Amino acid sequence: MVKLAIEHLTKRYWRGSREVLALADVSLSVEDGEFMAIVGPSGCGKTTMLNIVAGLLPYEQGVVEIDNKRVAGPGADRAVVFQHSSLLPWRTIIGNIRYGMELQKRFDKHTMQERTEHFVKLVGLSGFERHYPSELSGGMQQRVNLARALAADPKVLLMDEPFAALDAQTREFMQSELLKIWSEARKTVMFITHQINEAIYLADRVVVMSARPGRVKDVFRIPFGRPRTLSLKRDPRFLEIEDTIWQLVEEKPERIGMTV
Amino acid sequence: MSALPPPIDRVAVLPQAQDDVFSPPKRGFFKRNESLILGGGTVFLLLAIWQAFWSAGKISPLFFSGPSAIAARFWDAATHGQLLSDLRYSGINFAIGFALASVAGVILGVIIGWYRRVDMLFGPLLTALYATPRVAMVPLIIIWFGIGMWSKVFIVFITAFFPVLVNTIGGIRAVDNDLLRAARAYCASDWQIFKTVAVPGSVPFILTGLRQGVALGLIGVVVGEMFGGSQGIGFMVAYGGQTFATDTLFVGVLIIAFAGILLTAAAEKLERHFSRWRPER
Ligand SMILES: Nc1ncnc2c1ncn2[C@@H]1O[C@H](COP(=O)(O)OP(=O)(O)OP(=O)(O)O)[C@@H](O)[C@H]1O
Ligand SMILES: [Mg+2]
């Protein structure tokens, strides 16, 4: 069953009178419960696409649907994990985790309390409930960000380079944590990243986008079963897929012909 | 026996080194109260020198005064004179004026900061008023309100109002775009964004405004009393000056200074309390 469908999506920005074509005729679909990763060079429109799906950006051309309903603004069926943790600095960790639920008013007080406690534990932040975001490391802040999104109980989880600001070690750790959490929550995920091996390690399918204007260049189905461990990243088949995607991303637009 | 010697010696050294770096240093009495001792010492030394010159008769009481004379005058005014009633008079004028200024400044600041249209309507007017030295308007205010307490209250009001207003506007405007976007992504209404992002984010700014308002309001109350009327600490200073009673004048000045220190410290404490979530600077 298709959860999220994007068809012929085109997005232009206007810089004064100059037009920037950010997305050109992008089509892709994400199945219910699927983990979809999107990679592509900087500036190819990944954030633009995610913001459109989140309902934070208007679009004029094309169709974006969730459960066959056109996206026309933010909704409780989606939750976003941004690259910068964007936590309220004056709220404690539990205050931040309940923030999304609070805004959406879908749960009563008691349920919010229960869910908050549940997700604090799930992301491994027990003991830090009363801390402020400024007292946490970058990795911990991103867990709060993730917990806030999951606690709001979305059908689709949108993640925009959530681990980009973390060091390599923390990043790997967060990747396996994310997989663990995802295997319990089983949300449909759209995960944007710069790192190709992160995309392969996490996703069921990897979408490769071309440089500006953003188009879908290719989609790879990742054949590895779950649960996955970090040692998978050294598997020869993994490295082969990584290499193929690398070459695709590095290709100059001229070489594949910029028409289409 | 293994060929490689185990690197035990290094490990054994580590805990010692850690202790030195991470355990809080044990500090003596002087270290703990260093700033108090040094700062108080300077004040004390200065007072001693001043008193020495005064006792030696090197200072004319017509132009200056000495610590012992000021202390005696203070004691006399506090027990027999009207120091306490003056203090109450000034205090009440200040409190009413400052309270009104805070409430009006915060409410108007929030509205102007939040609604672009309101800013367009009143922005230029307020900028013009802000640029006018408020103290220059004191004679006019006395013409409007008379020499009674309400002219003083109003002077405190207009001196304290602007810093509160301007800082509040700035605070509401300084909304973090990332937070706005996150709130929107969770379907926040404008009212929810206002309540959960704009207002809490502007609290430190508002408190800074209040602190500046306290300092300016104090000047306001003193100046107001100097210009007209027959009561209050400001009047006491002006009267002391006109009658060459320098000791009385000094008592007034010191009380004002002390009140300033006390109120500013209270405001700073409040500021720090409400900024606990900020990263340590
Ligand atoms: N608000 C905007 N106004 C004008 N142009 C924009 C705006 N936002 C993005 N763009 C342009 O659209 C293009 C796509 O931007 P987008 O942020 O979606 O890229 P991205 O793939 O997320 O890049 P990165 O990997 O660096 O995050 C870029 O060329 C960018 O300059
Ligand atoms: Mg981006």
Residue within the stretch B:261-270 that is acidic (Asp, Glu), away from chain A (no Cβ under 14 Å) and buried (at least 19 other Cβ atoms within 10 Å of the Cβ) present | no
Scan A:Ile66, A:Ile97, A:Ile6 and give me the residue that is within 19 Å of the chain's Cα centre (by Cα) and outside the structural domain of A:Leu202 (by TED's automatic domain parsing).
-> A:Ile97
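Yes/no matrix, rows are residues, columns are (1) within 16 Å of ligand 2 (Cβ to nearest atom); (2) in contact with a Gly (Cβ under 7 Å, 6 or more places away or on another chain):
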| site | (1), (2) |
| --- | --- |
| A:Gly40 | yes, yes |
| A:Gly43 | yes, no |
| A:Thr47 | yes, no |
| A:Asn51 | yes, no |
| A:Ala54 | yes, no |
| A:Pro58 | no, no |
| A:Gly62 | no, no |
| A:Lys69 | no, no |
| A:Ala76 | no, no |
Just one listed residue, out of A:Phe163, A:Phe224, A:Phe191, is farther than 23 Å from A:Asp25 by Cα, open to solvent by less than 30 Å² (accessible area, probe 1.4 Å) and within 16 Å of ligand 2 (Cβ to nearest atom), and it is A:Phe163
Flag for B:Ser230 being out of contact with any Ser or Thr (no Cβ under 9 Å at 6 or more places or on another chain), open to solvent by 20 Å² or more (accessible area, probe 1.4 Å) and facing chain A (nearest Cβ under 10 Å) | no
Does at least one position in the stretch B:154-173 carry a residue that is closer than 30 Å to A:Lys105 by Cβ and open to solvent by 40 Å² or more (accessible area, probe 1.4 Å)?
-> yes
Output the residues belonging to the stretch B:177-201 that are at the interface with chain A (Cβ under 8 Å from one of its Cβ atoms) and more than 19 Å from A:Ala79 (Cβ to Cβ).
-> B:Pro200, B:Gly201
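Which of the residues that make up the stretch A:12-23 are within 22 Å of A:Val249 (Cβ to Cβ) and open to solvent by 10 Å² or more (accessible area, probe 1.4 Å)?
A:Val20, A:Leu21
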A:Leu56 passes all but one of (1) without any contact (Cβ under 8 Å) to a residue 40 or more places away in the chain; (2) within 14 Å of chain B (Cβ to nearest Cβ); (3) more than 16 Å from ligand 1 (Cβ to nearest atom); which number fails?
-> (3)
Could you check, for the stretch B:126-137, whether at least one of its residues is at pLDDT 95 or above and open to solvent by 70 Å² or more (accessible area, probe 1.4 Å)?
-> no
Please give the number of the condition B:Leu87 fails out of (1) surrounded by 15 or more Cβ atoms within 10 Å (Cβ to Cβ); (2) of a type outside the set (Gly, Ala, Ser); (3) over 20 Å from the mean Cα position of the chain (by Cα); (4) at pLDDT 90 or above.
-> (3)
Evaluate the stretch A:116-132: report whether one residue or more is surrounded by fewer than 24 Cβ atoms within 10 Å (Cβ to Cβ), touching a residue at least 24 places away in the same chain (Cβ under 8 Å), within 13 Å of chain B (Cβ to nearest Cβ) and assigned to a helix (DSSP H, G or I).
-> no
Is there a residue being more than 27 Å from A:Lys69 (Cα to Cα), away from ligand 1 (no atom under 16 Å from the Cβ) and modelled with pLDDT of 90 or more anywhere in the stretch A:146-160?
-> no
Residue check, A:Asp25 in contact (Cβ under 8 Å) with a residue 60 or more places away in the chain, more than 13 Å from ligand 2 (Cβ to nearest atom) and within 14 Å of another protein chain (Cβ to nearest Cβ) | no
Extreme residue, nearest to the other protein chains (Cβ to nearest Cβ), among residues of the stretch A:89-110 that are surrounded by fewer than 22 Cβ atoms within 10 Å (Cβ to Cβ) and among the polar types (S, T, N, Q) = A:Gln104
Does A:Asn197 satisfy the criteria of being away from ligand 2 (no atom under 16 Å from the Cβ) and either open to solvent by less than 40 Å² (accessible area, probe 1.4 Å) or outside the structural domain of A:Arg98 (by TED's automatic domain parsing) (or both)?
-> yes
Residues that are among the basic types (Lys, Arg): find the helices (runs of 4 or more DSSP H) completely inside the stretch B:170-242 holding 2 or more of those.
-> B:177-185
Matching residues in the stretch B:240-261 (modelled with pLDDT under 90 and of a type in the set (Phe, Trp, Tyr)) number 1
Failed criterion for A:Arg226 (all others in (1) outside any loop (DSSP other than H, G, I, E, B); (2) in contact with a helix residue (DSSP H, G or I) (Cβ under 8 Å, 6 or more places away or on another chain) hold) | (1)
Looking across the stretch A:65-88 at residues that are among the hydrophobic types (A, V, I, L, M, F, W, C) and more than 15 Å from ligand 1 (Cβ to nearest atom), the single one that is surrounded by the fewest Cβ atoms within 10 Å (Cβ to Cβ) is A:Ala72
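The values are calculated or read from the model by the stated rules, or taken from the named source; none is laboratory data. From a predicted model like this one, the values you see are computed outputs, not experimental measurements. Note: ideal-geometry Cβ built from the backbone for every residue, glycine included; neighbour counts use all protein chains shown. Side chains included, ligands, DNA and RNA excluded: accessible areas come from the protein's heavy atoms. Shrake-Rupley method; radii C 1.70, N 1.55, O 1.52, S 1.80 Å.
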